[in-house]
Amino acid sequence: MTVTIGRRELLTALGGAAAWPLSAHAQAQAYPSRPVTMVVPFAAGGSTDAIARILAEGLRSELGQAVIVENVGGAGGMTGVNRVAKAAPDGYQFVLGNVGTHAVNQSLYKKPLYNAATDFEPVALVTDQSLVLTVGKDFPANNLREFVAYAKANQAKMQYGSAGVGGSAHLACVLLNAAIGINVTHVPYRSSGQAMQDLLAGRLDYQCPSAPTALPQIAGNLVKALAILSKNRSPSVPGLASAHEQGLTGFDVPSWYAIFLPKGTPAAIVQKLHDATVATMGVSLIRERLKEIGCDLVPPERSSSEYLRKFVGSEIDKWAGAIKASGVQID
């Protein structure tokens with residue numbers, strides 16, 4: 001049987017078919033039409049939280065909507081990140097992830113809650129950040145070599161702290177311990193701020209926090225910074241020698257922070273949030289505030305969504321090798 005379709009019916013059918021992409025495009029153009037939520041997968045008071053709150057101010061201006069910072073901690077950051085992975089892909093929830101949540105956890109945990117490489121739309125790498133070997137002001141060591149000697153002789157009675165199992169500060173200390181051949185008890189806390197308070201009080205011997213957590217205490221001479229835990233010195237603390245410089249050849253555990261949306265978020269929305277993030281990072285006041293808390297800003301050539309996609313893949317591979325070599329894995 002032959003069916004004849006008139007010109008009007010054909011145009012109507014074609015118009016209906018074209019409505020779907022136009023509707024998605026219109027939705028992206030209107031984004032955001034209400035407040036958006038930036039999930040911080042750790043407790044308030046830590047470095048991720050501090051960075052998020054600075055970014056939120058700039059994004060609010062760029063997006064024209066309120067940016068709500070919500071702390072959703074647990075499982076080394078995986079609880080909050082997993083919530084975003086399962087959120088509606090409409091741009092109204094995104095996560096400020098880091099090296100721990102989007103690289104380390106993929107190998108550190110036997111059963112990670114998500115696939116960092118495939119469950120998200122990468123938006124933009126925001127900042128690099130150094131981790132710092134930090135000890136109490138009365139700790140009997142003033143550099144990495146002295147720390148190694150003391151720790152090897154006293155490891156059975158020492159303790160180190162972090163903002164929870166699986167975070168970048170925890171793994172940095174795990175890898176440091178493995179590299180120098182010591183076995184020290186780990187004390188996990190709900191936040192890096194709490195861990196720092198116990199270091200100040202003398203209940204911990206050392207920790208490996210991010211620069212934002214450590215810098216105020218270092219500046220106030222309340223703790224001693226012994227080494228940047230990477231191959232190169234940090235622009236935030238140029239006078240502090242790296243672990244590599246101090247004899248721990250090749251030791252390199254830097255941290256970084258980036259924004260991710262749920263997989264399937266329309267490309268136009270990803271681009272809009274990316275552009276708003278890059279514009280925010282170009283604001284002098286935002287840049288200065290991030291530098292003040294120890295962030296090393298990334299150059300423009302590292303700011304694209306595609307760069308972040310490839311970077312996350314390479315970081316997952318890098319950390320998989322380091323974690324396997326350390327023998328550390330969490331059920």
Q. Which aspartates and glutamates have a Cα lying under 18 Å from the Cα of LYS318, excluding residues fewer than 8 positions away in the same chain?
A. ASP128, ASP252
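Past 26 Å, Cα to Cα: identify those pairs from LYS152/LYS324; LYS263/LYS291; LYS110/LYS137; LYS111/LYS272; LYS291/LYS324, in the order given.
On the way: LYS152/LYS324 23 Å; LYS263/LYS291 31 Å; LYS110/LYS137 37 Å; LYS111/LYS272 33 Å; LYS291/LYS324 33 Å.
Too far apart for the 26 Å limit: LYS263/LYS291; LYS110/LYS137; LYS111/LYS272; LYS291/LYS324.
By DSSP, what percent of the beta bridges with both residues in the chain are antiparallel, rounded to the nearest 5?
DSSP beta bridges in the chain are roughly 60 percent antiparallel.
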Q: For LYS291 paired with THR118, estimate the spin-label separation in nm (one decimal), with each label point 7 Å from Cα along the Cα-to-Cβ line.
A: 4.2
Q. ALA219 to ASN232: extension gain in nm, 0.36 nm per residue of separation minus the Cα-Cα distance?
A. 2.6 nm
Q) Each residue of segment 235-249 in turn: what ³J(HN,Hα) in whole Hz from Karplus with 6.51, -1.76, 1.60 and θ = phi - 60°, glycine and Pro shown as x? A) x, 6, 9, x, x, 9, 5, 7, 4, 4, 5, 8, x, 8, 4
Q.
Can you give me the orientation-averaged projected area of the convex hull built on the Cα atoms of segment 195-331, in nm²?
A. 11.2
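Please work out the FRET efficiency for the pair ALA88 and ARG309, using the Cβ-Cβ distance as r and a Förster radius of 25 Å; give the result to the nearest 0.05. Can you show the working numbers first?
Values: r = 21 Å, r/R0 = 0.85.
Efficiency, rounded to the nearest 0.05: 0.75.
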(Q) Assuming 0.36 nm per residue, please report the length gained on full extension of the stretch VAL165 to ALA66 beyond their Cα-Cα distance. (A) 32.4 nm
Q. So what are the radius of gyration and Dmax for the Cα set of segment 84-224, in Å?
A. 17.0, 55
**Q.** Calculated Rg and Dmax of the chain using C-alpha coordinates, Å
**A.** 22.7, 93
Q) Out of segment 252-331, which trypsin sites (Lys or Arg not before Pro) are coil in DSSP terms and have no more than 16 other C-beta atoms within 10 Å? A) LYS263
Q) Between LYS110 and ASN142, what is the label-to-label distance in nm when each label sits 7 Å out along the Cα-to-Cβ direction? A) 4.7
Q: For segment 74-142, state which trypsin sites (Lys or Arg not before Pro) are in a DSSP loop and have at most 11 other beta carbons lying within 10 Å of their beta carbon.
A: LYS110
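No value in this document is a laboratory result; all are computed from the given coordinates. A quick note: this is a predicted structure, and the numbers were derived from the prediction, not measured. Here Cβ is always computed from backbone atoms with ideal geometry, including for glycine, and neighbour counts include all displayed protein chains.
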